[in-house]
Amino acid sequence: MQVSRGSWVNTTHDWSSAVDLDHLASIRQAAEEFAPGGAWHLLLEVLAYAADEASSRGGGRCLITLCPDGSLSVADDGRGTDTRADEHGRIVKKPVMASKDLRFFDSPDAERLPDGHPRRGMSVVAALSEWLVHTNRRLNGAWTQRYERGIPVTDLEPVEADGTTGTLVHFRPDALFRPVEASAGHELKGLATMWPDLELQVDDRRSTGSSRLGEDAGP
């Protein structure tokens, strides 16, 4: 049964606003504050959501891909981002990319990511990326959407179901950020310690051929 969007309870994000332009602009105006360490910090912001999902389910898997064009992708096997039908039958995805995470963004007690800096939310990644594509697979359907500087430039576009659930976040950080270092072995081990429920692998495609890192970085 379809329920009025106005009655949806806000937990992590405000369902009433699909895009918070002022919020995204404030992040871009203080890029160094919100992404200390550059692309690595943005990657950790994405991974924190995969870790949340893995923890809630008693375990999960995640694949990071480092691409030749400087983009990164994070694919997990969770339930997928919450997506609902409103009272008009329109599909609405929780605005995780384009609005603030109510748990962390303004909280002085926000959890710390493995780099020691506070977690602020996925909107930081979207706002500080040239582009970001969010592909979302749930039991009730699958969709993809593209953002540029945090602003959606496409509608939710249906994709063919493949029998799986989870999220794929593919993004290219702003050119002002230094890229993720090639040798990240000790960082991977640190992630395994902080997020023991998340089994993590890295596929580095930045050089000729493809190499897997972190095969033993899971619990």
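Just to be sure before I move on: is Val19 part of a strand (DSSP E or B), open to solvent by less than 50 Å² (accessible area, probe 1.4 Å), touching a strand residue (DSSP E or B) at 6+ places or on another chain (Cβ under 7 Å) and more than 28 Å from Val202 (Cα to Cα) in the structure I sent?
Numbers: part of a strand (DSSP E or B): no; open to solvent by less than 50 Å² (accessible area, probe 1.4 Å): yes; touching a strand residue (DSSP E or B) at 6+ places or on another chain (Cβ under 7 Å): yes; more than 28 Å from Val202 (Cα to Cα): yes.
The answer is no for Val19.
Starting from residues that are hydroxyl-bearing (Ser, Thr, Tyr) and surrounded by fewer than 21 Cβ atoms within 10 Å (Cβ to Cβ), keep the ones in region 74-113 and report whichever is farthest from the chain's Cα centre (by Cα). Full working, then the answer.
Kept after step one, since they are hydroxyl-bearing (Ser, Thr, Tyr), are these residues of region 74-113: 81, 83, 99, 107.
Filter once more, keeping what is surrounded by fewer than 21 Cβ atoms within 10 Å (Cβ to Cβ): 83, 107.
Details: Thr83: 15, Ser107: 19 Å.
This residue is Ser107.
In region 81-102, how many residues are in contact (Cβ under 8 Å) with a residue 60 or more places away in the chain and either in contact with a Lys or Arg (Cβ under 6 Å, 6 or more places away or on another chain) or farther than 18 Å from Gly121 by Cα (or both)? Even if it seems obvious, please write down each step before you answer.
Initially, region 81-102 is screened for residues in contact (Cβ under 8 Å) with a residue 60 or more places away in the chain, giving 81, 83-89, 91-96, 98-102.
Among the residues that remain, those that are also either in contact with a Lys or Arg (Cβ under 6 Å, 6 or more places away or on another chain) or farther than 18 Å from Gly121 by Cα (or both) are: 81, 83-89, 91-92.
The total comes to 10.
Which numbered condition in (1) under 19 Å from His13 (Cα atoms); (2) modelled with pLDDT under 85 is the only one that Gly89 fails?
(1)
Quick check on region 84-101. Is at least one of its residues hydrophobic (A, V, I, L, M, F, W, C), in a strand (DSSP E or B) and out of contact with any Gly (no Cβ under 9 Å at 6 or more places or on another chain)?
Within region 84-101, the first condition is being hydrophobic (A, V, I, L, M, F, W, C), and the residues that meet it are 85, 91-92, 96-98.
Now drop any that are not in a strand (DSSP E or B), which leaves 85, 91-92.
Still in the running and out of contact with any Gly (no Cβ under 9 Å at 6 or more places or on another chain): 85, 92.
Checking region 84-101: at least one residue is hydrophobic (A, V, I, L, M, F, W, C), in a strand (DSSP E or B) and out of contact with any Gly (no Cβ under 9 Å at 6 or more places or on another chain).
Looking at (1) modelled with pLDDT under 90; (2) open to solvent by less than 40 Å² (accessible area, probe 1.4 Å), can you tell me which one Ser123 breaks?
That leaves (1) as the condition not met.
Just for region 27-71: of the residues that are buried (at least 16 other Cβ atoms within 10 Å of the Cβ) and hydroxyl-bearing (Ser, Thr, Tyr), which one is farthest from Phe105 (Cα to Cα)?
Applying the filter and picking the extreme gives Thr65.
Determine which member of the set Leu200, Leu191 is under 23 Å from Leu113 (Cα atoms), open to solvent by less than 50 Å² (accessible area, probe 1.4 Å) and in contact with a Cys (Cβ under 6 Å, 6 or more places away or on another chain). Write out each step before concluding.
On the way: Leu191 fails: in contact with a Cys (Cβ under 6 Å, 6 or more places away or on another chain).
The conditions single out Leu200.
Filter region 143-161 down to residues that are in a loop (DSSP other than H, G, I, E, B) and not hydrophobic (A, V, I, L, M, F, W, C) and give me whichever is least open to solvent (accessible area, probe 1.4 Å). It would help to see each step written out before you state the result.
Applying the first criterion (in a loop (DSSP other than H, G, I, E, B)) to region 143-161 yields 149-150, 153-156, 159-161.
Checking which are not hydrophobic (A, V, I, L, M, F, W, C) leaves us with 149-150, 154-155, 160.
Numbers: Arg149: 88, Gly150: 0, Thr154: 37, Asp155: 121, Glu160: 155 Å².
Only one residue tops the list, namely Gly150.
Does Ala50 qualify as being part of a helix (DSSP H, G or I), under 27 Å from Gln201 (Cα atoms) and in contact with a Cys (Cβ under 8 Å, 6 or more places away or on another chain)? Steps first, answer last, please.
Working: part of a helix (DSSP H, G or I): yes; under 27 Å from Gln201 (Cα atoms): yes; in contact with a Cys (Cβ under 8 Å, 6 or more places away or on another chain): yes.
Yes; evaluated as a whole, the condition is true for this residue.
What is the one condition in (1) at pLDDT 85 or above; (2) more than 19 Å from Ser129 (Cβ to Cβ); (3) open to solvent by 80 Å² or more (accessible area, probe 1.4 Å); (4) touching a strand residue (DSSP E or B) at 6+ places or on another chain (Cβ under 8 Å) that Thr164 does not satisfy?
(3)
The values are calculated or read from the model by the stated rules, or taken from the named source; none is laboratory data. Predicted, not measured: the structure shown is a model, and the values here were computed from it. Cβ coordinates were reconstructed from backbone atoms using ideal geometry, including for glycine residues, and neighbour counts include every protein chain displayed. Protein only, heavy atoms only, side chains kept; ligands, DNA and RNA dropped before computing areas. Shrake-Rupley method; radii C 1.70, N 1.55, O 1.52, S 1.80 Å.
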